[in-house]
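Some notes on the structure that comes next.
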Amino acid sequence: MGKQSFDKAQETMEGEKGRKRQSDEQRLLAKLMLGYEKAVRPVYNASDPVEVRLGITLTQIFDVDERNQVLTLNIWLDQEWIDQKLIWNPDDFGGLSMIRIPCTFIWRPDIVLYNSVDDYSKGYMKALSMVGANGNVFWPPIVRLRSSCKLDITYFPFDDQICKLKMGSWAYDGYQVDVTNRTHNVDLSNYVDHGEWELVETKVRRHVIRYPCCDEPFPDVTFYLHLRRRTLYYTFNVIVPCVLLSSLTLVGFMLPPDSGEKVTLGLTVLLAFSVFMLLIAESMPPTSEFAPLIGVYLTVVMAMTSISVVSAVVILNIHHKGIGDKRPPQWLRYLVLAGLSRLMCLHKKEYERIAQTKARSEEDRPMLRPHQFSSFRTVFKDGTDGEGTKLGPCINNTGDKELRGNITVNAVSQRPRNSTDDEIVRHLRILIDKQEKADFEINIIREWQDIAIIIDRFLFWLFFIVTTVSTVAILLLRPMYKNKHIPDDD
């Protein structure tokens, strides 16, 4: 009996010595985990809900995928709640009022991102949880979230986007786990600026939803992020090249109307715009709900470029139309030579005559016809035609031009006509007719060329005004009227 008592006393002394070698944290952890069940809610009364306060600390906007409409963020998911089974007196453990224990040892709320695009197979980081003496548990794991975000690209590249992260408990209703927000804004103390997107504003809102399946409320906390695209990159790589290409369309009108390079230049600019359109379309989501602003601008400029190519072909046709020995219609001469010429400051004095004269037929043109040769008569110094017929002061009574052969040589005027004189007169008539016909054809060609030049100048100013107005209205004024902001309440 004495030996047994001695052994028992020795074991007691060793146990007390072993307990003395444990730290305060070891003793506290052993006490807290004694009989702790992490599979059930940490409340003693089943009717009491666990209030979970949610917040996020945004560290980086990793990516905004416009094509797939996915927002990728790096955050610290701050979760805080009261665990009634993790309460102790700090005086019993050397004044220890805070302990950090593995999160796998305690109960954790099943907080998920409702609009996540991941498969939920990875879970959160196994970070340590900070437990206070009053049972307050704070668990801030680092998480990379990938959420869906419907992007409105109407004002691209001057667009603003509102993305939201909706978080809440997946299995517990509001009577069991009451989810609330810790703050009214996202913590940005550790935020790193993104090169493409500017974070304008953040808000946190709590909502309570009742689904048709259940009578219990399901609260959630929604984090709103107001993002604005930085336009410097797109200004230098998209907008400025587009404006320069549109100016090349105007340069095409500065080429001479008879230059075939006008059509070539227009087609080259049109091809360049098509390449830009394809590059922008690759980065845009394939949706029919919105039409991007830059796409509208490119479409307008491409349409103008196409019209400029067509107008270049028409002007070339007008420029070379005078070769067919056909005068421009009277209405065209009046509209262009007498009207547009004043507007384009290309007015000439001879255009006044065009505006006042009436249309003349082909027979009225000032040139000789072969059948009119017989109507030519030689007028001698004595006022006769060489055959004794006295001519009056008005020679051109029949409408045909007559040759005034006012021969002053006495030998010719005093002698009768012979075959040599007739031959001379006939050759003179042919030369005069050819000269007048050539002058008439030159005038016709010149009229068509003047019409082409005036129309070309008019189209230049018309395209200049349309290009300037469309550029200012679409790229400068239209983005000013966007009204994008975080809603006060859903």
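Summarised as an ellipsoid, segment 26-146 has semi-axes of 33, 15, 12 Å, derived from the eigenvalues of the Cα gyration tensor scaled by 5 and square-rooted, with the largest first. Kirkwood hydrodynamic radius computed over segment 220-326 comes to 16.4 Å, based on all pairs of distinct alpha carbons. One decimal place: the segment Y233-L428 gains 62.5 nm when fully extended, by the rule 0.36 nm per residue minus the C-alpha distance. Modelled label positions at N68 and N483, each set 7 Å beyond Cα in the direction of Cβ, lie 3.5 nm from each other. Hydrodynamic estimate: the Kirkwood radius of segment 420-490 over Cα pairs, inserted into Stokes-Einstein at 25 °C and 0.890 mPa s, corresponds to D of 133 µm²/s. Summing +1 for each Lys or Arg and -1 for each Asp or Glu among the other residues whose beta-carbon sits under 10 angstrom from that of V336 gives -1.
For segment 76-174, the spherically averaged projection of the C-alpha convex hull amounts to 8.9 nm². Values of log10 I(q)/I(0) for segment 113-243 across q = 0.10, 0.11, 0.20, 0.22 Å⁻¹ run -0.48, -0.57, -1.37, -1.48, by the Debye formula with one identical scatterer at each alpha carbon and no solvent.
Mean projection of the Cα convex hull over all viewing directions, computed for segment 170-222: 5.4 nm². Residue ranking by accessible heavy-atom surface, 1.4 Å probe, largest first, among R429, R144 comes out as R144, R429.
The values are calculated or read from the model by the stated rules, or taken from the named source; none is laboratory data. Every value quoted in this text rests on a predicted model; they were computed, and no experiment measured them. For neighbour counting, all protein chains shown are included, and Cβ atoms are generated from backbone atoms with ideal geometry for every residue, glycine included. The accessibility values were calculated without ligands, DNA or RNA, using every heavy atom of the protein model including side chains. Shrake-Rupley method; radii C 1.70, N 1.55, O 1.52, S 1.80 Å.
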